[in-house]
Amino acid sequence: MKLGVFDSGVGGLTVARSLQRSGYFSELLYYGDTARVPYGSKDANTVMRYALEAVEFFNGANVDALVVACNTVSVVALEIMQQYSNKPVYGVLEPGVLALTHLPQLDKQAKILVIATRATIASGEYQRRIQELGFNQVEALATPLFVPMVEEELFDGPIIQETFKHYFNQVSKPDVVLLGCTHFPLLAEPITAYFNGAQTIHSGEAMVHWLQQQLQLSVQFKHTPIQIMASENVEAVARVAKRWQLT
Ligand code: DGL
């Protein structure tokens, strides 16, 4: 099965990496809309328009299904993408929420912190769905500055640590941090360290688990090549892909 993977920039590579390592897929075609990142601070209508342009691109591509490796797009535009796509389209929201139920020894009193873009947090979708699962201590925080930092390949260091203080100083220590933006797994290690070992949920791992269950996939491929495309500065995307050993 060949998969298309779409994100606003480099963040979706965290999902592509999980898909690649799973051994379930024959090939990946990644498209990052780097010319227009970030999406998370834009209006829902604008995000939908961009998402439909991505659908048009993938409608003409030789892939069997499309993974939306962006929480903002998954929350705002998944339905409309499914309507206009000529192949199945899978978003990261549902897999990310369900991943909470797979964490061992997590009781319903656990403190869950969702961090994501402004658009994702403003939609209230994560908060609502997590509460529907019975968790009642859910805090949600928009941390949009992490997106340009990751796009700038800043994965730790003083600027990141200062930004953590800026966003997290009022937050009580969570048991789980749900990384509700696919850029954020690139900051997972310093986030875990900042919160003294809190567990993190990663959209990519959640998506692999969910696809496996939905499509009954089995490991078939030792190597899954990835082709990388971007609307601007494809070299930067390729550099992060290399650093993350996708290529
Ligand atoms: N990686 C995207 C997400 O998962 C968003 C980054 C952005 O474009 O703001 O929400």
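The values are calculated or read from the model by the stated rules, or taken from the named source; none is laboratory data. In this text the structure is predicted, and so the values were computed from the model without any measurement. We place every Cβ from the backbone using ideal geometry, glycine too, and count neighbours over all the protein chains shown. Accessible surface is based on the protein model in full, side chains and every heavy atom, while ligands, DNA and RNA are left aside. Shrake-Rupley method; radii C 1.70, N 1.55, O 1.52, S 1.80 Å.
Please list the non-local residues whose amide H lies under 5 Å from the amide H of VAL5, H modeled 1.01 Å from N, same-chain partners needing a gap of 5 or more.
Amide H neighbours of VAL5, under 5 Å, 5+ apart: LEU29, TYR30, TYR31, VAL67.
Would you please classify the overall shape of the stretch 195-247 from the alpha carbon gyration tensor, given that a ≥ b ≥ c denote the square roots of the eigenvalues, rounded means a/c under 1.5, and beyond that prolate means a/b larger than b/c while oblate covers the rest?
Verdict is oblate for the stretch 195-247.
Label the stretch 94-149 by shape, choosing from rounded, prolate and oblate, from the square roots a ≥ b ≥ c of the eigenvalues of the Cα gyration tensor; if a/c is under 1.5 it is rounded, and otherwise prolate applies when a/b is larger than b/c, oblate when it is not.
Prolate, since a/c reaches 1.5 and a/b exceeds b/c.
So what's the net charge close to ALA16: Lys and Arg +1, Asp and Glu -1, counting the other residues with Cβ under 14 Å from its Cβ?
With Lys, Arg at +1 and Asp, Glu at -1, the net is +2.
Using a 1.4 Å probe, what is the accessible area per residue for the stretch 15-147, in Å²?
Per-residue value: 42 Å².
Summing +1 for each Lys or Arg and -1 for each Asp or Glu, what net charge is found among the other residues whose Cβ lies under 12 Å from the Cβ of GLY96?
For residues surrounding GLY96, the net value is -2.
Report, ordered by chain and residue number, the lysines lying within cross-link reach of LYS222, taken as a straight Cα distance under 16 Å and ignoring same-chain residues fewer than 8 apart.
Straight-line reach from LYS222, under 16 Å: LYS2.
Each residue of the stretch 109-126 in order: what ³J(HN,Hα) in whole Hz does its phi give by Karplus 6.51 cos²θ - 1.76 cosθ + 1.60, θ = phi - 60°, with x for Gly and Pro?
8, 4, 8, 10, 10, 9, 10, 6, 6, 4, 4, 5, 5, 4, 5, x, 5, 4
Figure the gain on full extension for VAL234 and LYS165 (residue separation times 0.36 nm, minus the Cα-Cα span) and round it to one decimal in nm.
Once the chain is fully extended between VAL234 and LYS165, it gains 21.6 nm.
Charges at C-beta only: +1 for Lys and Arg, -1 for Asp and Glu. How large is the resulting dipole of the stretch 102-204 about its Cα centre, in Debye rounded to 20?
It works out to roughly 400 debye.
Less than 15 Å Cβ to Cβ from LYS222, Lys/Arg counted +1 and Asp/Glu -1: what total charge do the surrounding residues give?
Cβ neighbours under 15 Å give a net charge of 0.
In what sequence, highest mean first, do 111-118, 192-199, 172-179 appear when ranked by Cβ atoms within 10 angstrom?
111-118, 172-179, 192-199
Order the peptides 129-141, 21-33 from the highest to the lowest mean number of other Cβ atoms within 10 Å of their residues.
Output ranking for 129-141, 21-33: 21-33, 129-141.
What residues have an amide H closer than 5 Å to that of THR224, excluding those fewer than 5 places away on the same chain, when H is modeled at 1.01 Å from N in the peptide plane?
none
Estimate the FRET efficiency between GLN109 and GLN212 by the formula 1/(1 + (r/R0)^6), using the beta-carbon distance for r and 25 Å for R0, to the nearest 0.05.
E(calc), rounded to 0.05, equals 0.25.
Among rounded, prolate and oblate, which fits the stretch 118-240 when a ≥ b ≥ c are the square roots of the eigenvalues of its C-alpha gyration tensor, a/c under 1.5 means rounded, and a/b larger than b/c means prolate?
Since a/c reaches 1.5 but b/c is at least a/b, the shape of the stretch 118-240 is classed as oblate.
With the Cα gyration tensor of the stretch 49-206 in hand, convert its eigenvalues to equivalent ellipsoid semi-axes via √(5λ) and list them largest first in whole Å.
The three semi-axes for the stretch 49-206 are 28, 19, 13 Å.
Longer than 25 Å from Cα to Cα, which of LYS87/LYS108; LYS173/LYS242; LYS111/LYS165 are they? Say none if no pair is.
In this structure, LYS87/LYS108; LYS173/LYS242 exceed 25 Å between Cα atoms.
Of all accessible surface on the stretch 179-247 at a 1.4 Å probe, what whole percent is carbon and sulfur?
Its accessible area is 47 percent carbon and sulfur atoms.
Quick one: which residues, 5 or more positions from LYS111 or on another chain, have an amide H under 5 Å from its amide H? H modelled 1.01 Å from N in the peptide plane, none for Pro or chain starts.
Residues meeting the criterion, in which the H sits 1.01 Å from N, are ASP175, VAL176.
Please state the charge dipole magnitude for the chain, taken about the Cα centre, from unit charges on C-beta atoms (+1 on K and R, -1 on D and E), reported in debye and rounded to the nearest 20.
Magnitude of the dipole: close to 300 debye.
Go through the stretch 205-220 residue by residue and turn each phi into a ³J(HN,Hα) via Karplus (6.51, -1.76, 1.60, θ = phi - 60°); whole Hz please, and just put x for glycine and proline.
Listing the rounded values in order: 5, 4, 5, 4, 4, 5, 5, 4, 5, 5, 9, 6, 7, 10, 5, 9 Hz.
What distance in nm lies between label points placed 7 Å from Cα along the C-beta direction at GLN131 and ALA188?
So the two model labels end up 2.8 nm from each other.
Order the peptides 181-190, 157-166 from the highest to the lowest mean number of other Cβ atoms within 10 Å of their residues.
181-190, 157-166
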